[in-house]
Each structure stands twice: as C-alpha cells, then as structure tokens.
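The structure under discussion appears below in the form of structure tokens.
The values are calculated or read from the model by the stated rules, or taken from the named source; none is laboratory data. Here the structure is a predicted model, which means the values were calculated and not measured. Glycine also receives a Cβ, built like all others from the backbone with ideal geometry; neighbour counts cover every protein chain displayed. Accessible surface areas use protein heavy atoms only, side chains included; no ligands, DNA or RNA. Shrake-Rupley method; radii C 1.70, N 1.55, O 1.52, S 1.80 Å.
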Amino acid sequence: MIFSDKPKEECGIFGIYGPGLDVARLTYYGLYALQHRGQESAGIAVSDGRVIKLHKDMGLVPEVFTDEILKSLTGKMALGHTRYSTTGSSLALNAQPLMCYYSKGMIALGHNGNLINTGEIRSRLAAEGSVFQSTIDSEVIVNLIARYSQNSVEDGIKKMMAEIKGAYSLVVMTENKLIGIRDPWGVRPLCIGRLGEAYIIASESCALDTVGAELIRDVEPGEIVIVSESGLTSCKVDAPDRKAVCIFEFIYFSRPDSVIDGYNVNEVRREMGRQLAREYPVDVDIVIAIPDSGTTAARGYALERGIPFEEGLMKNRYIGRTFIQPDQAMRDLAVKLKLNPIRSILKDKRVLMVDDSIVRGTTCGKMVNMLRDAGATEVHMCVSSPPILWPCYYGIDISDRNELIAAKLPVEEIRKCIGADGLHYLSLEGLLGIFGSPRNLFCTACFDGDYPIDIPKTEKVGKFILE
Ligand code: AMP
C-alpha cells in the first residue's frame, strides 16, 4: 500500500437475490462501488439453487475478475466481498466470501467488522475438534452457524449471535436463501435495496445506486433479513437500548454519496466543515483539502466563511494499491507521486488545509511542508474529527495507542510536530451536534474511550500494554 504507515480499512459486502438477472456481474459492479472499503482481496460466490460456486483472490475487484470468470458464475443469487484485513493476515486463505459444506448443504459468508471474543470461542471449538483454514474471526461465525443449524439456518444464526460479541454486518448465503445480519449495536452499516423484483443487501447505498437499485432501508441493529423464493422476511434478536453506529463511517470510511442510517454522508461532512469554521475562524486567503478525504469538509468550511475553496493539491488517481517502500526516500517519493501541490494556487497565500483525521500525523506533516515549499505564507490545519485517542476493537485498524499521535502529545505539540501555524480539531460536541442526536446513537470510543461493547480484559491488556 502506498501509505503503509496508515491504518487499514475494513470490508465491503454486497449480496443479491435476483433470479433471471446476471447476479455475478451486478455483484461485480456493486463491489466496484465498495472498493474504498477494502483493496486487499475480492470474491464472489453464486448459488443456482443447488450448488454454490466461488471465485476469490488477492487484488482489486477488476484484477480478480475477468469477463470469462464472471460468465462462469451463473446463478440466481450472489454474495460479494472486498476485504482489507483487520484480523488475520493478508493471505489468500483469509479472502472472503468464506464457503463451506455442512450437514444441511453449503453456506457462504461475507463479514464486515471485528469480533472481540473470537479467541475464547475459537479455543473452545478447537478443543472440541473443529479445524480452521484461516486466521480470521469470520470463520468462527461460519463454524457456529453450521453447528447450530440443525433446525434451520435462521435458528443457527440466532444461536451464533448469542455467542459472538463485537461488530459485525454479515451477508450469508445458502443454496436458496440470502441473509443479511447486523449486530445488535449496529456498529457497521448495512442496507437493503430493491432492483425490480430483486433484493440487494449491501454495506453502503452507493453500491445500490451503481447497479440502479433503490434504497429501501437500513438493516436494523440486531435484525436478520432473509430473502428467498417467498420474498423478504425479517426477525430480530434482543438489542441493547442504545445504538453504537461507528461515527468514523461518517468521518472517513463511507463514500459521500451514501446514505447511512438516514444520514447523507456528504451533508454530514459538509456540516463538519461548517462547524470547523465556527470553531476556528482564522484569517486565510484560500481553503484547500487533502484529497479526497478532506474535500467535502473543506468545501463546508469555505462556504461557511465565504473564502474560496481551491484545489491546492492534485491527487494522482492512478496510483495502485501496492508499492514497495524500502526506505524513507522511497516513502517520500511515494507521497509525491500521490499528491502534488499546485504552486500557482498556493504561492504567497495564507492557506487553511482540511483533512478528515490525524492518526499518526504522517500525512499532514508532509503536506504542511509541501505547501510551504510551494510558497504558502501561512498553513493552518483543520481536522474534521476530534483527536483519536483510543484504539478501535470493532473493525478499524487503529490498534496500538502508541501509534496515535494525539494519545502521546497535546494539540499544541502536534501543531509544532507537523509544522503548522495553527491546528484545530473538530470538537466532539460539535461533531455530535451535526446529527442533532444524543450520544447514545454512535460509537465514539476512538475519541473518548467509551467502549459500548465491553472489551474482554485480555484483549485490552494485550493492546494497552504497549502504552
Ligand atoms: P496519518 O497520516 O497516520 O495521520 O493518517 C491520517 C490520514 O489517514 C488521513 O489522510 C486520513 O484520511 C487517513 N485515514 C484515516 N483513517 C484511515 C484508515 N482507517 N485507513 C486508511 N486511511 C485512513
């Protein structure tokens, strides 16, 4: 990956029940739209009602699938997955969907999120004789569903949900059913769409738009949505009385053209920018973004203050995912390959630069230098999230507190470290105010350490020991 020191993203899932349609190709397009959620591996499983066929490999969606492969994947429903590892290493064996045979037939599964009690379940299953082919937590889920599905797969899923803890949005496929599941806290997004008679279950609504489907609604926390010959049915397991939707989905992960749990991501990001402007109304000549993650918030800042938004940094959109970085000189070159300043815009200007987040402080430090080299006279930095202080256990790979610059340094020290003339992070109150909602809708643990789903002590110690 070009910025190997960045945290990793999570996964995208897309399932379609569409007899008579080219379900593999529609899934391919859906995955294409979800590529931002994971660039490490991709896979599609299809069922024709009798058998499930699967193709998966390491690489981007268009690298993994050729026209010929798509033509060979015929069926009445499909399940696709694009992955960026948050548990388990980057291996072909860990690519998804996972597929297995069990006593009732075949089952395939795609998972987005991260479980927090896999260690203990896996040990128990292994002690009872289960074998595992991969190192990912998702395999524990398939194993539990298979073992508890004597009566029905729905029953198996409910029993599985009673055992696993953590964040999970899942799409499960048997020979005849497509099933969407969202964990009782609703941490990761999952929505339902309709394309004619076909139903789709996808991580984000942008994938529905891409295939011409209409967003019906989000899968609710703790809900199990089953699509089969008899249409769409749904049931629920007990859910807590608060939700814990990952707020980072709105800050960084999701595409701005998605609507998640009723909130339009683009509008939310623009409001973040407006709020930043109210919190940090500094005198500058232009507002720029670190593209693309800071763009929408930067436009919001510019709008609120009536200052021109300019494209001060040009992004090369053709940079591949993998990049060998043997030393610091190569890493610096990699940044320049990806982003280049437009001198005529920046020269002799007081600049406000917006990005969505600072994790280790690498990106913005380099960008501040780049802007000064390009002739900017002042560089202020605004971040459209509060300082990231705590690791995430629910699927965002920010696992080591030691790596988080805001956990180690106060804001003023970070400002000095990145070499900016001013630095402002969006306040947590300002961020939550945008949703006009009480705190108990979102997981904000990375900012305030308030983990909605209890982290087992062993997990916590394992990660915090590095402090
Ligand atoms: P850093 O350079 O370590 O401070 O990381 C901050 C940059 O990484 C920002 O440009 C963000 O847009 C981006 N970013 C934030 N979260 C993630 C993530 N989970 N995966 C990849 N990039 C991220």
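In the stretch 56-73, which residues are without any contact (Cβ under 8 Å) to a residue 60 or more places away in the chain, in a loop (DSSP other than H, G, I, E, B) and touching a helix residue (DSSP H, G or I) at 6+ places or on another chain (Cβ under 7 Å)?
Passing the criteria: Phe65, Leu73.
Would it be correct to say that Val368 is over 30 Å from Gly119 (Cβ atoms), crowded, with 18+ Cβ neighbours inside 10 Å and either in the same structural domain as Thr295 (by TED's automatic domain parsing) or within 14 Å of the ligand (Cβ to nearest atom) (or both)?
yes
How many residues does the stretch 386-395 hold that are surrounded by fewer than 24 Cβ atoms within 10 Å (Cβ to Cβ) and within 12 Å of the ligand (Cβ to nearest atom)?
Count: 2.
List every residue pair whose Cβ atoms sit under 6 Å apart, with the two residues 6 or more apart in sequence or on different chains, where the first one lies in the stretch 359-377 and is touching a residue at least 12 places away in the same chain (Cβ under 8 Å) and closer than 16 Å to Val284 by Cα and the second, anywhere, is in a helix (DSSP H, G or I) and within 12 Å of the ligand (Cβ to nearest atom).
So the pair list comes out as Val368/Ile418.
Looking at (1) touching a Phe, Trp or Tyr at 6+ places or on another chain (Cβ under 9 Å); (2) at pLDDT 95 or above, which one does Ser399 not meet, given that it meets all the others?
(2)
Among Gly436, Gly430, which is of a type outside the set (Val, Ile, Thr), open to solvent by 20 Å² or more (accessible area, probe 1.4 Å) and closer than 26 Å to Val282 by Cα?
So the residue among Gly436, Gly430 that is of a type outside the set (Val, Ile, Thr), open to solvent by 20 Å² or more (accessible area, probe 1.4 Å) and closer than 26 Å to Val282 by Cα is Gly436.
In the stretch 347-360, how many are out of contact with any Phe, Trp or Tyr (no Cβ under 7 Å at 6 or more places or on another chain) and either of a type in the set (Val, Ile, Thr) or over 25 Å from Arg278 (Cβ atoms) (or both)?
The total comes to 6.
So Val379 passes all but one of these: (1) open to solvent by 20 Å² or more (accessible area, probe 1.4 Å); (2) more than 12 Å from the ligand (Cβ to nearest atom); (3) not in a loop (DSSP other than H, G, I, E, B). Which condition number does it fail?
(1)
Determine, yes or no, whether Arg274 is touching an Asp or Glu at 6+ places or on another chain (Cβ under 6 Å), under 22 Å from Glu429 (Cβ atoms) and open to solvent by 20 Å² or more (accessible area, probe 1.4 Å).
yes
Working carefully through the options Ile16, Ile52, Ile44, find the one that is over 23 Å from the mean Cα position of the chain (by Cα), assigned by TED's automatic domain parsing to the domain that holds Val227 and within 14 Å of Gly110 (Cβ to Cβ).
Checking each option against the conditions leaves just Ile52.
Residues of the stretch 350-365 being open to solvent by 60 Å² or more (accessible area, probe 1.4 Å) and away from the ligand (no atom under 16 Å from the Cβ), which ones?
Arg350
Can you tell me how many residues in the stretch 415-444 are away from the ligand (no atom under 14 Å from the Cβ) and within 30 Å of Gly262 (Cβ to Cβ)?
19
Output yes when any residue across the stretch 228-242 is open to solvent by less than 10 Å² (accessible area, probe 1.4 Å), in contact (Cβ under 8 Å) with a residue 12 or more places away in the chain and not polar (S, T, N, Q), and no when none is.
no
Could you check, for the stretch 402-414, whether at least one of its residues is more than 13 Å from the ligand (Cβ to nearest atom), crowded, with 16+ Cβ neighbours inside 10 Å and modelled with pLDDT of 90 or more?
The answer is no; no qualifying residue exists.
Within the stretch 3-39, restricting attention to residues that are in a loop (DSSP other than H, G, I, E, B), open to solvent by 10 Å² or more (accessible area, probe 1.4 Å) and within 16 Å of the ligand (Cβ to nearest atom), which residue is modelled with the highest pLDDT?
Result: Gln39.
Can you find even one residue in the stretch 244-264 that is open to solvent by 60 Å² or more (accessible area, probe 1.4 Å), without any contact (Cβ under 8 Å) to a residue 24 or more places away in the chain and in a loop (DSSP other than H, G, I, E, B)?
No, there is no match, as no residue in the stretch 244-264 is open to solvent by 60 Å² or more (accessible area, probe 1.4 Å), without any contact (Cβ under 8 Å) to a residue 24 or more places away in the chain and in a loop (DSSP other than H, G, I, E, B).
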